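The values are calculated or read from the model by the stated rules, or taken from the named source; none is laboratory data. Not measured: the values here are computed from a predicted model. Backbone-built Cβ (ideal geometry, glycine too); neighbour counts: all protein chains shown. Calculation scope for accessible area: heavy atoms of the full protein, side chains included, ligands and nucleic acids excluded. Shrake-Rupley method; radii C 1.70, N 1.55, O 1.52, S 1.80 Å.
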Amino acid sequence: MRKLTVDVPDELVELAGGTETHATSLMTQAAIAELVRRRVISSGKASELLGIDLWELPEWLSKFEVAVADFDPETDLKPFR
């Protein structure tokens, strides 16, 4: 695990749940969702990083408005840009 230090406005922390722990969790989840959306990581990798069952992932991703129905990790992986 790597620790990153990111400066964010206090308001963002408040909007993310009011604590640094909540903000860190939400930002990590949002980053994983965006990597799936951009097809940088597979759904399997996303579920592994999140610590959830692969079958729970579609519902979880829907909270970030990411669809996985057409995602094929074997052919759709593209570099993050």
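The table that follows gives values for the structure above.
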item: Selection status of Ala30, in contact (Cβ under 8 Å) with a residue 24 or more places away in the chain and surrounded by 12 or more Cβ atoms within 10 Å (Cβ to Cβ); result: yes
item: Residues being surrounded by 15 or more Cβ atoms within 10 Å (Cβ to Cβ), assigned to a helix (DSSP H, G or I) and of a type outside the set (Val, Ile, Thr) - total across segment 33-42; result: 3
item: Residues of segment 23-40 satisfying the condition of being under 9 Å from the mean Cα position of the chain (by Cα) and among the hydrophobic types (A, V, I, L, M, F, W, C); result: Leu26, Met27, Ala30, Ala31, Ile32, Ala33, Leu35, Val36
item: Residues satisfying the stated conditions in segment 1-27, i.e. touching a helix residue (DSSP H, G or I) at 6+ places or on another chain (Cβ under 8 Å), surrounded by 11 or more Cβ atoms within 10 Å (Cβ to Cβ) and of a type in the set (A, V, I, L, M); result: Val8, Leu12, Val13, Ala16, Ala23
item: Any pair with Cβ under 7 angstrom, 6 or more apart, that starts in segment 45-61 at a residue that is under 17 Å from Glu34 (Cα atoms) and ends at one that is open to solvent by 80 Å² or more (accessible area, probe 1.4 Å); result: Ser47/Leu54
item: Filtered residues of segment 43-81 (kept if modelled with pLDDT of 90 or more, in a loop (DSSP other than H, G, I, E, B) and over 20 Å from Leu26 (Cβ atoms)); result: Asp53
